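The values are calculated or read from the model by the stated rules, or taken from the named source; none is laboratory data. The model shown is predicted, which means the values in this text are computed figures rather than measured ones. Backbone-built Cβ (ideal geometry, glycine too); neighbour counts: all protein chains shown.
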């Protein structure tokens, strides 16, 4: 009886260690890219999810209950944690990849907590590959990005035509245009433009008159 108890406790320990290692692997890549959530955060998320699944599976033996309810609460809680890592800055959204990684790390911890070691290990490997190699390579996968360009031009000249032609020459598309008179013969333009993949925003300074 005691031997079975000790073996079960050892199994719990191994689950927590395995979850911590998987979380550390994912967090290492995020730390190298100076992201908000690094090794410690991912380790805590993975081990926490594993611990909750252990409690869910083994902590209420002999009781009639649905263990999937606790698993659902993990997903809900991680959703709040991930939302805190997403923020908007200058028409761009940051933190989505980190939040998705945290969410997946919790899933890995849940898998390990329910004895799905192979699934957890494979998921860890896939997450690491996606975050490392797709971050460095495959530039052709980069999508177009939208930016807001605010400039003032002389409405008595052909400055706008020059800007439009300059943008088109660099394969930059004007999605939306708003104009407002500022007085003194000047017009303030708010251009919503679509930049091609890999375009350096600093190059716009060379295009403007």
(request) Kindly provide the set of residues from the range 64-102 that are modelled with pLDDT under 75, surrounded by fewer than 17 Cβ atoms within 10 Å (Cβ to Cβ) and part of a loop (DSSP other than H, G, I, E, B), ordered by number. (result) 64, 65, 66, 67, 86, 90, 91
(request) Go through the range 151-179 and give me each residue that's touching a strand residue (DSSP E or B) at 6+ places or on another chain (Cβ under 7 Å), at pLDDT below 80 and surrounded by fewer than 13 Cβ atoms within 10 Å (Cβ to Cβ). (result) none
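Residue-by-condition table, conditions (1) part of a helix (DSSP H, G or I); (2) modelled with pLDDT of 80 or more; (3) under 27 Å from residue 96 (Cα atoms); (4) outside the structural domain of residue 82 (by TED's automatic domain parsing):
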site	(1), (2), (3), (4)
20	yes, yes, yes, no
27	yes, yes, yes, no
37	no, no, yes, no
43	yes, yes, yes, no
55	yes, yes, no, no
62	no, no, no, no
